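A.B. asks: Structure below; questions to follow.
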Protein chains: 2
Amino acid sequence: MDSPVRSRCVEVLQVKSSPPSEELITFDAQRLEEALKTQGYSSVFFPLKVLKRLPEELRKADFNVWCVLLKDENGWIVAEVSASPPKEVLGVAVDLGSTGIAFYVYDFLQSKLVKKYSILNPQVEVGEDILTRLHFARKKEKLDYINKLTIDCINKELAKFGSKNIYYVSVCGNTVMSHFFAGLPVNHIFMEPRSPVTQSYGIREAKEYGLDIHPFARTYMFPSIGPYFGGDIISGLFFSEIHRKEDGFYFFIDVGTNAEVVLGNRDFLIACSGAAGPALEGGIFECGCQAKPGAICTVKIDKEKKTLHYQTIANEKPVCICGSGVIELIAELFKAGLISNEGKLLPNFMQERFKKVEDELAFIVAFAEETLHGRDVYIKQGEIKSFLRSKGAMFTILTLLCEKVGISFEDIEKFFIAGTFGNHIKVDAAVTLGMLPKEALKKAQGLGNAAGEGALKFLLEPDLEEISSIIKNITYIELNKEPRFMEIFAGSRFIPVE
Amino acid sequence: MDSPVRSRCVEVLQVKSSPPSEELITFDAQRLEEALKTQGYSSVFFPLKVLKRLPEELRKADFNVWCVLLKDENGWIVAEVSASPPKEVLGVAVDLGSTGIAFYVYDFLQSKLVKKYSILNPQVEVGEDILTRLHFARKKEKLDYINKLTIDCINKELAKFGSKNIYYVSVCGNTVMSHFFAGLPVNHIFMEPRSPVTQSYGIREAKEYGLDIHPFARTYMFPSIGPYFGGDIISGLFFSEIHRKEDGFYFFIDVGTNAEVVLGNRDFLIACSGAAGPALEGGIFECGCQAKPGAICTVKIDKEKKTLHYQTIANEKPVCICGSGVIELIAELFKAGLISNEGKLLPNFMQERFKKVEDELAFIVAFAEETLHGRDVYIKQGEIKSFLRSKGAMFTILTLLCEKVGISFEDIEKFFIAGTFGNHIKVDAAVTLGMLPKEALKKAQGLGNAAGEGALKFLLEPDLEEISSIIKNITYIELNKEPRFMEIFAGSRFIPVE
């Protein structure tokens, strides 16, 4: 087993305290406290249940006991004291997305990530999109229902790893997801004047949230900046570390249901988010989906040979098209002359791929006979237009932030791209479409699910001060209050022509 | 209602926070937090249950809400937020004595003590004296039984005042009582090497102790110095404030089952306790009892007229003799020549008052026909000897502490006398018997139940730093390690002769 690193959320160590004697400190707990202090763990708190077992365990262990310590706001909780070493000590990072919930299971004894996976957010039962869920949750009993749905689902997943061995859970989610997780009323989040209940959640007892894990387990949830700028972005930023960069300017771009962008470095952070519309995510296209086996992720159109080739994730039979696939598809359609720079479908060739879906023109990427479910996978005219508005909003935000700071895209050191398809994004396609500036071609770097990675990072580096300095340093720009927004946006809704 | 005093354990105040607006802080909780900060309450913590009701209460109250704040180790707990003022906000100080439990019910809205009373400690069911209870509690299920007996009994009392209105409980007790209250194993308290489980308990959630009061109520229990020097003495010291005295030397003397004595001032505190034997308390004499209606508390013997007069508490028919009565009785017997300076009964006159009880000579204070129960109230030869040993131990401790500091009794500014009969003690009788030095005649001051008063004081001045500085400043002298003890004691066991 590794020697303990002081800064993790959970530390497991064997501590030799002095035995009782007439000369030394009289009390069992204080002798152990003293021993922990010499190892760097001060301000320890013993729950009564631990104190009740302490004398026996100390003597069984000849005063050399195993302790499981949990980081709290003001010190350490002694969650376990035992003569024998613990068999399993886990922490779980949870990225509570509106569509999916990602779990990262970390083993503190082996010091390694043992599992990482996603499940569907059970809240989709109530509504596919957030607005439907917000509407549903207006009444207390409905809110409680969504809260229970969420917590029950997470408890069920945690139980798979042995609930009582889980000592820490770190959670990130957007502002609405955080409210649902905590069971807080959402009525005022999107009603003017908008006002979520709380910005920060801090470190709480896991049972306060209803998490059924180790009795003294703690839960940390990332704070929010505002209704549109939640803990998932703070978590992503925390992971990206642009707030630590000493030189140059860095973009942190989270492409999800919203376009959330932060520009800055160690000295300042300026943020903006736009209801870019969920079009960038892919998931809400009629044939769209999140990245998963069978999702079309790559599309190439050969204008000369008049052919289309695609690839799917895991090379399975196609079932849908994911976000990065959509971006490339539209870029390829444009380069082949099959859409105009305004996004209008032009059936110039491959007419067999053009069809009407409920009176709307659509372009077929995979024919029914090729797909797993035996139905065409296509993109509709309206979806393309909607996508172009979204990518326009994204570009507008990037431009606006640079203008605010007084720099140009050339001054950017790195474009960190996070989000559902952060790792898969075809930067060249995004540049072709004018979603990202051409400077991104060489300077873009995918961060994957930065939010989830940030929550995992918290388990290993629970630096509350660093997170609160991020919060303090961020200046948030409200798009709808920016007169320049519409000006820039007007020119960004189209695909740029050389 | 009084304006809030910042330093109490519970504060009730109406706080005007700004309403949500586009320009100000977005979040409900943080706006309220900001408003509380301007009133001096920083580091506030909102339980989720409070956050869940916050938006509605804020808007019902037009953002001018009532808050109930509870002092915690690192700040304030927002225990209630409501549009309407709370009807009742109570705190209870509990002095957990081995014989009786004293309750002090404080009303934080009216800023006054509303009730003060005592009940029998239900642990007497298990054993009259502490040693019997320690023996009984060796096994976990028996310990749990005593713990439950104690907590159930306290819960039952608290329920009389409306459990949910009780927001704070402060507790003091000796080391064993504190362990029983917390349900901690007592096996190593009096077994060499002696080692109680914990010195400090800090501020905890009341429910951690099983107290069934307000869901976010806190409980503070005073820390101990050692097995024989518990939280009740620290609480008493805290009340006596000798640790704040700038000039001169002060004695704090607690006369109970043990003789616990502290000498010092702002600069130092030196403490000693002796298993003086419970003889000083009166309670364990065959006809002894605690101060209560019908207890003989005053005894006068007229040597010339050969008569004895007594008074009882509340002037009721006598049933027993309390501690202060015993001291005066023995002093009067000595002055009348009815006992020798070694404590031997001398039936020189009033022969009708001398009788044999199971072959042991006894002196009758009240005859059967005068008493409520129709039985004689007497003191036995052995009890007198035992008392003299106890008073000798007390005097020895006082002398020893002065020697340690290098001062004499003349240098003492004040003898604060606390304990069961702290308010009733006949100082002249105690001086006659050589229990207190003659300097005490003019300088003794009764503190009553200093332990209970100290617990009450905590509710109003929860100064954790002050208490921990008391703990740090105390040097504890172990009697049985003092070679001088037996030397001084040898001369102190007798009644001094002019």
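Coordinate-derived values only; no laboratory data. Fair warning: this is a prediction, and the values are worked out from it, not measured in the lab. Glycine gets a Cβ as well: all are built from the backbone with ideal geometry, and neighbour counts include every protein chain shown.
A.B. asks: Normalised by the residues of region B:56-214, what does the relative contact order come to in percent, with Cα pairs under 8 Å and at least six apart?
C.D. replies: Rounded, it is 20 percent for region B:56-214.
A.B. asks: Right, next: Just rank B:PHE252, B:PHE363, fewest to most, by other beta-carbon atoms within 10 angstrom.
C.D. replies: Least crowded to most crowded, the residues run B:PHE363, B:PHE252.
A.B. asks: Between copies, how far apart are the B:GLU465 label points? List them in nm, one decimal, shortest first, with each point 7 Å from Cα toward Cβ, please?
C.D. replies: For B:GLU465, the other copies' label points sit at 2.0 nm, shortest first.
A.B. asks: Then there is this: Run the label-point distances for A:GLN110 please: 7 Å along Cα to Cβ, every other copy, nanometres, shortest first.
C.D. replies: Between copies, matching label points for A:GLN110 lie 6.4 nm apart.
A.B. asks: What nm distances, shortest first, do you get from the label point of B:GLU316 to those in the other copies when the point sits 7 angstrom along Cα to Cβ?
C.D. replies: 8.4
A.B. asks: If you split all Cα-Cα distances of region B:10-82 into 10 Å bins from zero, what percentages do you get per bin, shortest first?
C.D. replies: 21, 60, 18, 1
A.B. asks: If amide H atoms are built 1.01 Å from N in the plane of the peptide, which residues on other chains or at least 5 residues away come under 5 Å of the amide H of A:GLU80?
C.D. replies: Here A:VAL68 satisfy the definition.
A.B. asks: For the protein assembly as shown, what does -39500 (n - 2.57) per DSSP helix run (n ≥ 4), summed and divided by total residues, give at 222 nm, in deg cm²/dmol to the nearest 500?
C.D. replies: -9000 deg cm²/dmol
A.B. asks: Counting only DSSP beta bridges with both residues in the protein assembly as shown, what percent are antiparallel, rounded to the nearest 5?
C.D. replies: In the protein assembly as shown, approximately 65 percent of DSSP beta bridges are antiparallel ones.
A.B. asks: For region B:346-395, what is the Kirkwood hydrodynamic radius in Å, using each pair of distinct C-alpha atoms?
C.D. replies: Hydrodynamic radius (Kirkwood, Cα only) of region B:346-395 equals 12.0 Å.
A.B. asks: Right, next: Return the average number of partner chain Cβ atoms within 10 angstrom of each residue Cβ along peptide A:43-49.
C.D. replies: For peptide A:43-49, the averaged partner shielding equals 4.
A.B. asks: What are the radius of gyration and Dmax of the protein assembly as shown, computed over its Cα atoms and given in Å?
C.D. replies: Rg and Dmax of the protein assembly as shown, Cα atoms, are 37.7, 138 Å.
A.B. asks: So, one more: How large is the charge dipole for region B:282-378, taken about the Cα centre, if only the Cβ atoms of Lys, Arg (+1) and Asp, Glu (-1) carry charge, to the nearest 20 debye?
C.D. replies: Dipole magnitude for region B:282-378 comes out near 220 debye.
A.B. asks: Go through B:167-174, A:441-448 and give me the packing order, highest mean Cβ count within 10 Å leading.
C.D. replies: The most tightly packed comes first, giving B:167-174, A:441-448.
A.B. asks: Whole-Hz ³J(HN,Hα) for each residue in region B:91-104, computed from phi via Karplus 6.51 cos²θ - 1.76 cosθ + 1.60 with θ = phi - 60°, x for glycine and proline: what do you get?
C.D. replies: For region B:91-104, the Karplus curve yields x, 10, 9, 10, 9, 8, x, 6, 9, x, 10, 9, 10, 10 Hz.
A.B. asks: Counting Lys and Arg as +1 and Asp and Glu as -1, what is the net charge of the other residues whose Cβ lies under 14 Å from the Cβ of B:ILE397?
C.D. replies: Its environment carries a net charge of 0.
A.B. asks: Would you please give the residues with an amide H less than 5 Å from that of B:SER111, counting only those at least 5 places away or on a separate chain, with H modeled from the backbone geometry?
C.D. replies: Amide H to amide H, under 5 Å and 5 or more residues apart or across chains, B:SER111 pairs with nothing.
A.B. asks: How do the peptides B:320-333, B:215-228, A:55-68, B:30-43 rank, highest first, by the average count of neighbouring beta carbon atoms within 10 Å per residue?
C.D. replies: B:320-333, B:215-228, A:55-68, B:30-43
A.B. asks: Which residues does the label zone of A:PHE190 cover in region A:226-257, counting backbone N under 15 Å from a point 7 Å along Cα→Cβ?
C.D. replies: Those under the cut-off are A:227-230, A:257.
A.B. asks: Per q in 0.18 Å⁻¹, report the Debye log10 I(q)/I(0) for region B:90-221, using one uniform scatterer on each alpha carbon and no solvent.
C.D. replies: -0.95
A.B. asks: I would also like to ask the following. Once the other residues with Cβ under 9 Å from the Cβ of A:PRO19 are scored (Lys, Arg +1; Asp, Glu -1), what is the net sum?
C.D. replies: Net of charged neighbours comes to +1.
A.B. asks: Report ³J(HN,Hα) in whole Hz for each residue of region B:368-382, in order, from the Karplus equation J = 6.51 cos²θ - 1.76 cosθ + 1.60 where θ = phi - 60°; Gly and Pro get x.
C.D. replies: 3, 5, 8, 8, 5, 8, x, 10, 4, 10, 9, 10, 9, 3, x
A.B. asks: So which trypsin sites (Lys or Arg not before Pro) in region B:83-115 are both in a DSSP loop and have at most 16 other Cβ atoms within 10 Å of their Cβ?
C.D. replies: Those that pass, being in a loop and sparsely packed, are B:LYS87.
A.B. asks: Please work out the Kirkwood hydrodynamic radius for region A:280-381, using every pair of different C-alpha atoms, and report it in angstroms with one decimal place.
C.D. replies: When all Cα pairs of region A:280-381 are included, the Kirkwood radius is 13.4 Å.
A.B. asks: Further question on the same structure: Please report A:HIS179, A:HIS214, A:HIS135, A:HIS309 as a ranked list, fewest other C-beta atoms within 10 angstrom at the top and most at the bottom.
C.D. replies: Lowest to highest Cβ neighbour count: A:HIS309, A:HIS135, A:HIS214, A:HIS179.
A.B. asks: Counting only DSSP beta bridges with both residues in region B:282-378, tell me the antiparallel percent, nearest 5.
C.D. replies: Of all bridge pairs located within region B:282-378, approximately 75 percent are antiparallel.
A.B. asks: Do any GluC sites (Glu not before Pro) in region B:337-367 lie in a loop, going by DSSP, with at most 13 other beta-carbon atoms within 10 Å of their beta carbon, and if so which?
C.D. replies: Here the GluC sites (Glu not before Pro) that fit, given the DSSP loop and packing criteria, are B:GLU342, B:GLU358.
A.B. asks: From the backbone phi of region A:73-79, what are the Karplus-calculated ³J(HN,Hα) couplings (6.51 cos²θ - 1.76 cosθ + 1.60, θ = phi - 60°) in whole Hz, Gly and Pro given as x?
C.D. replies: Karplus-based 3J(HN,Hα) across region A:73-79 equals 3, 10, x, 10, 9, 8, 7 Hz.
A.B. asks: Here's another thing I want to ask about it. Report, please, the projected area of region B:348-498 averaged over directions, based on the convex hull of its C-alpha atoms, in nm².
C.D. replies: Average of the hull's projected areas for region B:348-498 equals 13.6 nm².
A.B. asks: Give me the mean projected area, in nm² to one decimal, of the convex hull enclosing the Cα positions of chain A.
C.D. replies: Average projection, Cα convex hull of chain A: 26.2 nm².
A.B. asks: Still on this structure: Only Lys, Arg, Asp and Glu count, each charged at its Cβ (+1, +1, -1, -1), so figure out the dipole size of the protein assembly as shown about its Cα centre, rounded to 20 debye.
C.D. replies: Once rounded to the nearest 20, the dipole reads 1160 debye.
A.B. asks: Same structure again: In a shell of Cβ-Cβ distance under 14 Å around B:ILE339, excluding B:ILE339 itself, what net charge do Lys and Arg (+1) and Asp and Glu (-1) give?
C.D. replies: +4
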